[in-house]
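Take a look at the structure below.
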Amino acid sequence: MPRSCSSSASAANRSGATASRCSLILSGAAGTGKTTAITQLGKTHEATDRLRYPGLARIPVVYVTVPPAATPRMLAVEFARFLGLPMTYRANMTDVIEAVCGVAIDARVGLVCVDEVHNLQLATRSGAEVSDTLKYFSERIPATFVYAGIDVEREGLFSGTRGRQIAGRFSLVETVPFPYTTEWQGLVASLEQALRLHHHRAGTLSQFDQYLHQRTGGMIGSLSHLIRGAAIEAILDGTEKITKTVLESVELDHAADHYRTRAQPST
């Protein structure tokens, strides 16, 4: 999280004043780690909150996705579903919103992560109304709001009157494929630590970190797919370990091929 949205700013967001609240948008190509970033942010925030307030009935983080062709009620129901609120078809929009805001405030929600915001089409009536609903939630719930979406500027999220309001309330962080640096090496090591293969030797993937970067073009989504696919193959064939041969057998997505081709120097 950038300095403008530091922990001190998050504390200020909980004060209730809406004018100076800090919010964040992650934007970039598919597979560059936006969802990974906001879910890890949510996990870190929740862990910190539960350490600070042990034993209290709190819901530190809310995570929702914007459905395709979303309506305001659809979005509000996504919030309600995450919070475990029973919603009937008879519940009107106002009832759903009031229930969501009431529980979020009572449960001391401090972070709201909204994924897939590129599904917001501000040029349409329903898209504009969904944007207004999100704005209303951010004004009622004293929490830090973090959005994530694919190329949101190109998708028009900052266009028009509502877009300018969003641009004035959010800091933009662009996600790109990882370069081959110590951060990439650390990412590979972290993914390897999460493996639960009986015969996998620790440090094997770290030895292949440069190869993994070449294969995936630095795309986090592609890296996750590659390692997960290799782990599944290792379980199915009974070896219970990942080797370069197993990694080579996993087919990757077009995005990884595209970025890998762009990254390769011309001859």
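Structure notes:
- Yes/no for Ser171 being of a type in the set (Gly, Ala, Ser) and surrounded by 14 or more Cβ atoms within 10 Å (Cβ to Cβ): yes
- Residue match in the stretch 72-80 (condition: in a strand (DSSP E or B), at pLDDT 95 or above and open to solvent by less than 60 Å² (accessible area, probe 1.4 Å)): no
- Checking each residue in the stretch 201-221 for being open to solvent by 40 Å² or more (accessible area, probe 1.4 Å) and touching a residue at least 40 places away in the same chain (Cβ under 8 Å) picks out Arg201, Gln214.
- The stretch 222-245, residues that are surrounded by fewer than 18 Cβ atoms within 10 Å (Cβ to Cβ) and either under 21 Å from the mean Cα position of the chain (by Cα) or assigned to a helix (DSSP H, G or I) (or both): Ser224, Arg228, Gly229, Ile232, Glu233, Ile235, Leu236, Lys244, Thr245
- Checked against (1) part of a helix (DSSP H, G or I); (2) in contact with a helix residue (DSSP H, G or I) (Cβ under 6 Å, 6 or more places away or on another chain), Tyr180 passes all but condition (1).
- Identity of the residue in the stretch 206-221, in a helix (DSSP H, G or I) and of a type in the set (A, V, I, L, M, F, W, C), that ends up nearest to Gly33 (Cα to Cα): Ile220
- Test: residue in the stretch 3-11 that is open to solvent by less than 50 Å² (accessible area, probe 1.4 Å), touching a strand residue (DSSP E or B) at 6+ places or on another chain (Cβ under 7 Å), at pLDDT 55 or above and hydrophobic (A, V, I, L, M, F, W, C): no
- Of all the listed residues (Gly55, Gly42), the sole one being among the small types (Gly, Ala, Ser), open to solvent by 80 Å² or more (accessible area, probe 1.4 Å) and either part of a helix (DSSP H, G or I) or free of Cβ contacts under 8 Å to residues at least 12 places away in the same chain (or both) is Gly55.
- Every residue from the stretch 183-197 that is in contact with a Phe, Trp or Tyr (Cβ under 9 Å, 6 or more places away or on another chain) and either assigned to a loop (DSSP other than H, G, I, E, B) or not aromatic (Phe, Trp, Tyr) (or both): Leu187, Val188
- Residue within the stretch 130-142 that is free of Cβ contacts under 8 Å to residues at least 12 places away in the same chain and open to solvent by 60 Å² or more (accessible area, probe 1.4 Å) present: no
- Top-ranked residue in the stretch 83-111 [being touching a residue at least 40 places away in the same chain (Cβ under 8 Å) and not hydrophobic (A, V, I, L, M, F, W, C); ranked as surrounded by the fewest Cβ atoms within 10 Å (Cβ to Cβ)]: Arg108
The values are calculated or read from the model by the stated rules, or taken from the named source; none is laboratory data. Predicted, not measured: the structure shown is a model, and the values here were computed from it. Cβ atoms come from the backbone with ideal geometry, glycine included; neighbour counts cover every protein chain shown. Each accessible area value is taken on the protein alone, full model and side chains, heavy atoms only, with ligands, DNA and RNA left out. Shrake-Rupley method; radii C 1.70, N 1.55, O 1.52, S 1.80 Å.
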